[in-house]
Every structure is written in structure tokens, then in C-alpha cells.
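Notes follow the structure.
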Amino acid sequence: MKHLAIIDIGSNSISLQISEIKGKSYDIVEDYKETIRIGDDVFKSGLFSEATINSIIEVLERMKALMDKKEQPFIRTVATAPFRDASNAKEVIDLINDKCGINIEVIDGLQEAELVYLFVSANFQMSNLNALTLDIGGGTTEFILSKKGEIVFSKSLPLGITKLTRDFFNNNPPKKNEIEKLKKYIDETLDEMPIDKSIDTVICTGGTINNISYIYNKRNHLNDTPIKYIKRKFLKLMSDELKGETFQDRIKIEGIDHQRLDIIQTAAIMTDLILDKSKCKGFFTIKGGLKNGLTIDTLNKKGIKMHFQENVDVRLSRILEIGSKFSFDEEHARQVTKLSKILFSKLKDFFKLDDENWKLLEAASMLHDIGNYISYDKHHKHSYYLITNSDLIGYDDNEAEIVANIARYHRKSFPKKSHEAYNKLSNKSMSLVKKLSAILRIADALDISHKSLVADINVNINDNIIEIMPASKNNLELEIQSFNAKKDLLESITKRQVIIK
Amino acid sequence: MHISEFTGKTEKTLEYLVKPLSVGKDTFSEGYISLENVYKAAEILNGFSKKLDEYDLWKNYMALCTSGVREAANRYFFIDHIKINTGIELKILEPSDEIYIKYLGVKYAMPEIDNYEENGLLFTNISSGNIFINILKKKKLILSEALPYGSLRLTQIFKDIPVQKQHKAYEQDIGKMVFTLKNLLPKKMNIKNVVSSGSSIAVLTDTLKPQKDIITKKDLVSAYNKIKEMNVHEIIDRFKLRQSQVEILIPTLITYLKIMDFAGVRFFYFSRNTFPYSMSLYYSKTIKDPGLYNRFKNTLYYIGEKYSFDKNHAKTVVKFALKIFNKLKKIHSLKWKDRHLLESACILHDIGYIIEPKYHEKHSYNIIKSIEFPGYSKEFIEMMAVISFLHKEKHDINKDEVSVKLPIEKRLIVYKLSSILRIADALDASHNQLISDLDIKIESNAVHIKANAKKYPYLEHLSFNNKSEMFTRTFGADITLETNSDFK
């Protein structure tokens, strides 16, 4: 199997994701989505109407065209809430099988939640967290509570936002007492749930909550990344903004999904109530939770394990994945990382660095050369570009920028305020970039031959001089040469002479 | 300085003047040209300017600088100083233009290169600052790099190392360069021929005195082994070289040996063409490069493959776009060069997929911008990148961040071409070649496309509706799509 296609038929949209399987990871090669609210029928009348059925078939036909271009992809199609609830679901499934040759698998709420959790654990170091993972759908919302990476509780509740909106809001815009009633209902339903102050992380998935985080990022001029962190304050702001507005008037909100004008308010209200019960001041959103969970699950069933399932550290697995994607020289990357780590530990106190800062240098050391994939000429700049456009795990936007900047300065040029990408960093981040890229330059120089000749490094720091003493059984002529060419940044920021012994 | 007279296509060299001055020595060690050398250069060029007077060539000359000036921090001061003191206007040559002119010059003198290009050729130009390497196979440019390993540069980098040890340092450093090259090349790439040129050739021929325009590895190895053991004076006496030549002799020999090892050849061809001579041929338009267009096109497909693009889709989009372009000639009034631009953008419009599908047009733009191809201007590449960027309908023209950087007349071309690209891309939206051919009719205020499809192309219709607006706004004509209805 080279390609795997996942179709997810949900209440508010049907989406297709085709992945190319690459060893222990996969690359998404097609991402196609149509927003079609097939749940509306079912929540209203209990069955799919003729028109809805036809629209589903049309969408699936278009998706088939996209899948057909890949060589016999393995196809898995799953449907959630509407297909669980509609009384004519079975006939519709047969009809679709007949017409499109697509076999729909209906999964229950808890299966859905576990699949989402699978993808979440590929992107968060769950073993460090007490996390609540939520899949906020149109018909139901799934809750998964995990402590240190173990699922301790999971439940599917009928708190779907399309359903709630339909049940509680009869006016446009909704009246105050309607909102109050909705809040009360959600609150009471949540009371049965073991959500308390021990939860330190809330992770949400689902189209509408992702739309909220998209609006948030737009307003704050942040990149549109698959994983986002949103402050709780924003939910209050959003609820206030939406309060007096008719659904039609909400169009003017920048970034809002026009198919979700009515239900977005319910999503904001519910998420806020859930956060209230935890100690979290914000929450993460993650995109494509179910589809990616299904991709991983399908691969697991075929006997393929992902990097993150074999390595305990998801952060590092992702770095390796990115490196392999852009054909890095893994041995050189690992050697430079090893040398960076030694230098980091020896210079840490002198530079007043935290242990926390190591992960920045680690990623930059592993990925400093990936720009070679685009071209050798200016490869440091290409490395910057590829790093900022790859989804590192365990690094927020600012940290990813720092990592990319460190990699960008591994060659000749010093960090300069005239460089836009550097200039937009805070002073604190700039100082980190300077120190860490100074280390990376030395580490890279000491493996200039790409032969892993240096086994260890000793460092001596006094008032005027920093002595770097690499230990090796080999002749280090080239390394020393390169060292002398690249020590300049370290000399400049420490105001000391740097010598190699 | 090279002065030529042209009668028709025949060039006759009237004068060739050389004045040695290692401007690069300063640049490669200090990063700028010393004032002393600025004055010396002005003096030399002042002498040359007399020749311009003598032949009345002030309206017909070209004065170019390469790495020694290009990389100097005070290059603008240098150029300004020369202009004020000698009247000569210097231009800085970009590396990709430099190698192109050098390559063409050699090709002119050595027509057999055409065959080598087909079977696998490493063309190199080793001068004082850079080593240029072009690797070609099957009329594709596999690699084109300017590597900062020129002989004079190396001597400057390693000048503080004891003389007895220098050759080891050179060996390691050039070894590193070859290692980099190996990593950049596809595995199992077979290079059959090596052709070399550049200022390093004079040193080699003065030392080895080859009979034909060929140097063998055997001769190089034996010369290197001998010279390694000799001191400067012995070398000068034995080979009758100038001091400045002796300085770069060892790194030059090592560079050639390493490159021959890398290519796996036992000998290489060389051309004695000097750079000023190639320049005369190039700027007088004596040299033609009829293979350029095809070489570029083949290379774009090669780049596409490197980024795992969907080749069938790319070819289909090219086919449709060019058909529309040809049919609409009267409406768009664009030139042949623009057609070529359209074709190039079509080939690579989707390569950004490798980074992530969602913003692939932005990534395509950035990857394309990094392409350097000798013979193609930066502006051409930039326009190609912008057209690819605009293929996604979410980008509103006039508002997008990339096309506004272009001058207004180029922007119009870009809009026209990306309107066409959008239509062509929509017609293969499924990437499945459901539509096999088009029939295009133009009426007073509308363009009608009749498509021949195997199945009903749902996605193509949907995409066409989304993507055709730009076409209407750019050309002021409606565009419609109709597909035949006799499906099985």
C-alpha cells in the first residue's frame, strides 16, 4: 500500500485526506473538504432527505475522482453522528455502496474519541500531561481524560453544537434567556463528568472550534498552523461579540466560516464552561484529529507503527521525520547535535541559559542543513524556510521561529537587525538566537568533514579566553580550519578570544 | 581586456591585454578591497581606457567584475571610484550569468559538447574565487552551483597554516566540496566527460605543457607528487612560472584531481578560451544557444520529479494552457517569450505540495524563486514564481503580497498568464485527466470551452466556477465550460 485515503463523513462536512506512506510516517498529499451540513436533516426530522442523499453522493463522486489518480489507494470511509442517528441510515449506506462503490463504516462516539486521541498523542507529549481531549462535533461531543498518557475516562455526550443550537436557539439572534438556558443545560450535563482542577491541558478538535482558533490567529497575526493555542479570554470576547448579532451579520467577522455562523456561538460558550471546570487559562486546537487518527489506526492495523509509537519522545520523532523528508545527512545531524549538547552543557552557566533552551538548539542542530534539499546555495535560508513551514511538535510559534533563526545563522552571516526574520523576534529571543547559533557554528565546524571525528569536547573559560579542546583520534586539520572561520560569532558575543587546542 | 572586430559572424581578435592584480586576495581574506588595490585597479583601467579612446569604443564596450569585486564589502565604492577616475562603468556579473557566458564561450570553441551533454557532462570553470560546476545529462541541467573554492580563495583561507601542511588542508577542504556535490547529485549518476575552463587552465598548461587540449590524470598525479616536495624557487625554475601562478598551483592541481575522482574519468578536455573572449562573443551575439529553451524545459521537469510532482497533471495543464494561449492570441497580444513563461509556470505550479498541501502555492513560489538557471534572468524566474503563486483562486490579484513587487508592465503579463493557468488547472482539477481535449471558440464577448471528457468531471466544473473569475476580470470576457454528454 502506497497511498491511504480516509473519508470522514461528519455532521457539518465531508472531508478526504490522502496520504503517502513513507516508512514509519506519512505525508498528506491531498486534503479536500466540502462543508455540507448533512446533520441538519437528521437532527430535525430523524432521517436523511432525498436532497441530502444526492448531495452526499455528488461530493463522494468528486472525491472518487481525486482518489482515482493514485494507484489503488486503500480507502477507508467512516461516518459519525448523523449516520448513527438517522432512521434511514442503512438504506443510505447501501445506496452509496451501490452508486459509488464506497463502503461506509459507522463508528460510535467512543471509537471516534479514541481515534482523535491517537492523533493527539502523536502531537503532544501525553506522558507529561493530565489532559482532557475533546472532539466537539455537530451531534455529540466526546470527552477523553488521560493522566500521564493513560486514558482514565472516556464518554460521548449529546452535547453536539448543531444539536444544541437547534434545541435551544429559536431566535436570531438568540435571546438572553435562551443563552442562559443553554448554559444551564451544558453545566448540568457536565456535572456528571470528572472534570476538575487536576487537568492541566485541554485539547479540542472539530471544525467549529478550529474555526474559532482560525479567527483568533487571524486577529493576532499568527500563522495558520495545525495546532494552535487560544487564550480563554478570547472565548468570552467572542461570546460577547456574537451576542447581539444576527447570524447574517456575523459574516463581517474576519475568518469566520460562513457555514458555521449560527453554531459558532454555542461552541464558544461550551468550551468556556468546560475550561471553567479545569485550571486551564487556555486550550489547544488540533486540526484533522479524526482523519489523522484513522490514518494512524489503519496503518497500525496493517502492522505499521509510527515513529512516535516507537520512540517515547514525540518531539524528537517529529524532528527525525522532517529531517528524513528533506533527505538530511542523519549521521552528520546527530553528530552536530551531540557536539552542540556537550558545548551547551559547558557554556550553559556562562551564557545564563536554562535547561529548557536545549530543545531549541537540539532541533536547530538536527535540521540546520535541510535547506540543501532546495539548493546548496543559500541553504541556510532555505533551512529557515523549511523549518518555519514544518510542524514541529512541542515548540510554540515563537520557539519554532527561534529554532529556524538559529539554523539560519549556522554559516557565515551574523544575526542582524536588518534581517526581517530576526528583527521580528523579541530581545530575549534575539539573545537566545545569538548564543545558540554561536554554539551551533562551532559544533558544525567540528564535524565539517561529516565523518564524526570528534568524540568529546572540553571547554575552559577565563577572563580573556575560551579554550575549546576537542578529543579525537584523528587528524582534525579541516575541523580546526573551519573552527577558526566560524568562531567569530562566539568571540563577538563573549568578548573573549576563542581558541582551539 | 579583449578587443574584437566582427565582420559578419567572424570574430577577429585585435588585442588582448592582461595585467595581473589579485583583487580577490583582499576580498577573500579581509572581505573588502584595500585602498591600495583600488588605486592600482584604477591605474590599470585607466590604461585600458586609452585603448577605448584609440579604437573609439566608448559606446561599444562591456566591463564586468566577478567574485573578487562582487563579494567585496566596498564594491560600490570600488565601482564608483573607477567610474570617476577612468570613465569606465563596471557592472557586477551574477554568478549564474557568469557561468552561462563561460559555458557558451567554451561550447562555441568545442561543438562536441552537445554530445557530452547527452551522455553526461561535468563542465567546470575554476577561477580564482569560485569553482563553477554544471552537470548535464540527457539535455537537462542536473546541477549548477558556484562553490566558494577557487584556488586563490583557498590560498587566502589557509595562509596561516605552515607551508608543509597546506596541501593536506587543501585536500581535505576540496574533499569536503566533493562530498557536498555527491550529496546534491542523484545516486548512480554517471558522468562520462569533463570539460574545464577558466583562469586555472593557464597555470596547468604552463606547468604540464600538454600536446592536445586534453590533460590526463596520470600526468596530473605525477606532477602533483613531484611539486608537493619542491619549494617555491624550485618550482619557478623548473616550470618557468610567475610567483602568483606558483601560489595557486598546488590547490589547482588538487582541485582537478578531486574533481576527476568525483566524476570517475581518466582525462578531461579543456578550453583555452579566456573569459574576456567569451564575453566578446556573447555580447556581440556571435554565440547562439538554440538548445537553451529545451534544456530549461527538461530541467524543470527534472526539478518537478525531485519534488515528487504529479507529472501527468503538469503535462495536462501545460497542454491546456498553451492551447488556450494560442487560441486567444488576438485577445491577449502576448509574445512568444510569454508563452514560454506560461509553460514554465504550468510545469512547476504545484511543486510546493511537498512541504504541505494547504499553502502549496506559497511554497511553490518560494521554491521556484530559488531556481538559478544560467541563461535565464532573475526576473523571468520571479515572474514564473508569481504566476504559480496566483494559481490558487484565494489570492486576489492586486491585493496579493507577491505580484506587487513587480513593475506594472510585468504585472499585467503575470495576471494574463495566471488567469490562463487557473483555467487550465481547473480543467484537470481531479489530476485524473478526465478531460482529454478542448475545443475553444471565441465570440464577441465570451470564450467558450467545449471539453471532451471520459466521465462527467464534477470536480473540474466546480473548480472552473471558482477559478474563472480572474480570467473574466483580466480579459473582460466571460468564459464558459461545457462538457460532452455521451458518457458510458
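The values are calculated or read from the model by the stated rules, or taken from the named source; none is laboratory data. The structure displayed is predicted, hence computed values, not measured ones. Note that we place each Cβ from the backbone using ideal geometry, even for glycine, and neighbour counts take in every protein chain shown. Just so you know, the surface numbers come from the protein's heavy atoms only, side chains and all, with ligands and any DNA or RNA stripped out. Shrake-Rupley method; radii C 1.70, N 1.55, O 1.52, S 1.80 Å.
Of note:
- Close pairs (6 angstrom Cβ cut-off, 6 or more residues apart or separate chains): within 9 Å of chain A (Cβ to nearest Cβ) in the stretch B:159-184, open to solvent by 100 Å² or more (accessible area, probe 1.4 Å) and of a type outside the set (Ser, Thr, Tyr) anywhere: none
- Consider the stretch A:325-356 and keep the residues that are surrounded by fewer than 16 Cβ atoms within 10 Å (Cβ to Cβ) and within 14 Å of chain B (Cβ to nearest Cβ). The one that is nearest to the chain's Cα centre (by Cα) is A:SER327.
- Condition broken by B:SER280, with the remaining ones in (1) small (Gly, Ala, Ser); (2) closer than 28 Å to B:GLU11 by Cα; (3) open to solvent by 30 Å² or more (accessible area, probe 1.4 Å) satisfied: (3)
- Residue ID - surrounded by the fewest Cβ atoms within 10 Å (Cβ to Cβ), chosen from residues in the stretch B:430-459 that are within 14 Å of chain A (Cβ to nearest Cβ) and of a type in the set (Ser, Thr, Tyr): B:TYR456
- A residue that is more than 15 Å from A:SER154 (Cβ to Cβ), of a type outside the set (A, V, I, L, M, F, W, C), open to solvent by 50 Å² or more (accessible area, probe 1.4 Å) and under 27 Å from the mean Cα position of the chain (by Cα) can be found somewhere in the stretch A:98-109.
- Residue list for the stretch B:460-488, restricted to those being open to solvent by 30 Å² or more (accessible area, probe 1.4 Å) and among the basic types (Lys, Arg): B:ARG473, B:LYS488
- Search result, residues across the stretch A:63-96 that are over 21 Å from A:LEU299 (Cβ atoms) and among the hydrophobic types (A, V, I, L, M, F, W, C): A:ALA65, A:ALA81, A:PHE83, A:ALA86, A:ALA89, A:VAL92, A:ILE93, A:LEU95, A:ILE96
- In the stretch B:232-253, the residues that are without any contact (Cβ under 8 Å) to a residue 60 or more places away in the chain and surrounded by fewer than 16 Cβ atoms within 10 Å (Cβ to Cβ): B:VAL232, B:HIS233, B:GLU234, B:ILE236, B:ASP237, B:ARG238, B:LYS240, B:GLN243
- Single match in A:GLU30, A:GLU20 (criterion: farther than 24 Å from A:ILE263 by Cβ, touching a Pro at 6+ places or on another chain (Cβ under 8 Å) and within 14 Å of chain B (Cβ to nearest Cβ)): A:GLU30
- Here B:LEU136 clears all of (1) touching a strand residue (DSSP E or B) at 6+ places or on another chain (Cβ under 8 Å); (2) open to solvent by 10 Å² or more (accessible area, probe 1.4 Å) except the condition numbered (2).
- Comparison of B:LEU427, B:LEU421 shows that the only residue that is within 22 Å of B:ASN326 (Cα to Cα), within 14 Å of chain A (Cβ to nearest Cβ) and modelled with pLDDT of 90 or more is B:LEU427.
- Taken over the stretch B:105-138, the criterion of being farther than 28 Å from B:ALA41 by Cα and touching a Pro at 6+ places or on another chain (Cβ under 9 Å) is satisfied by B:ASN134 alone.
- Just one of the numbered conditions (1) in contact with a Leu (Cβ under 8 Å, 6 or more places away or on another chain); (2) within 14 Å of another protein chain (Cβ to nearest Cβ); (3) not in a strand (DSSP E or B) is not true of B:ILE135: (3).
- Restricting attention to the stretch A:34-64, the residues that are within 14 Å of chain B (Cβ to nearest Cβ) and modelled with pLDDT of 85 or more add up to 13.
- Applying the criterion of being buried (at least 20 other Cβ atoms within 10 Å of the Cβ) and either touching a His at 6+ places or on another chain (Cβ under 6 Å) or at pLDDT below 90 (or both) to the residues of the stretch A:71-84, the residue that is nearest to the other protein chains (Cβ to nearest Cβ) is A:PRO73.
- Leading residue by the ranking (nearest to A:CYS204 (Cα to Cα)) among those in the stretch A:121-156 that are assigned to a loop (DSSP other than H, G, I, E, B) and in contact (Cβ under 8 Å) with a residue 24 or more places away in the chain: A:GLY137
- Count of residues meeting criterion [away from chain B (no Cβ under 13 Å), buried (at least 17 other Cβ atoms within 10 Å of the Cβ) and touching a strand residue (DSSP E or B) at 6+ places or on another chain (Cβ under 6 Å)] in the stretch A:476-493: 2
- Condition check for B:LYS369: in contact with a helix residue (DSSP H, G or I) (Cβ under 6 Å, 6 or more places away or on another chain), within 11 Å of another protein chain (Cβ to nearest Cβ) and open to solvent by 10 Å² or more (accessible area, probe 1.4 Å): yes
- Residues within the stretch B:185-201 that are among the basic types (Lys, Arg) and either within 9 Å of chain A (Cβ to nearest Cβ) or touching a Leu at 6+ places or on another chain (Cβ under 7 Å) (or both), tallied: 0
- Of the strands (runs of 3 or more DSSP E) lying entirely inside the stretch A:1-116, those containing at least 1 residues that are hydroxyl-bearing (Ser, Thr, Tyr) span A:13-22, A:25-35, A:74-79.
- Any hit, the stretch A:390-400, residues being within 12 Å of chain B (Cβ to nearest Cβ) and not hydrophobic (A, V, I, L, M, F, W, C): yes
- Members of the stretch B:294-328 found to be assigned to a helix (DSSP H, G or I), surrounded by 17 or more Cβ atoms within 10 Å (Cβ to Cβ) and within 14 Å of chain A (Cβ to nearest Cβ), listed by number: B:THR299, B:ILE303, B:GLY304, B:HIS313, B:ALA314, B:THR316, B:VAL317
- Some residue of the stretch A:196-219 being part of a loop (DSSP other than H, G, I, E, B) and polar (S, T, N, Q): yes
- Members of the stretch A:293-305 found to be open to solvent by 10 Å² or more (accessible area, probe 1.4 Å) and in contact (Cβ under 8 Å) with a residue 12 or more places away in the chain, listed by number: A:ASP297, A:LYS302, A:ILE304, A:LYS305
- Residue in the stretch A:276-284 that is open to solvent by 50 Å² or more (accessible area, probe 1.4 Å), among the aromatic types (Phe, Trp, Tyr) and part of a helix (DSSP H, G or I) present: no
- The stretch A:401-451 - residue that is under 24 Å from the mean Cα position of the chain (by Cα) and within 14 Å of chain B (Cβ to nearest Cβ) and, of those, nearest to A:ILE480 (Cα to Cα): A:ALA404
- Residues within the stretch B:1-44 that are of a type in the set (S, T, N, Q) and within 20 Å of B:MET279 (Cα to Cα), tallied: 4
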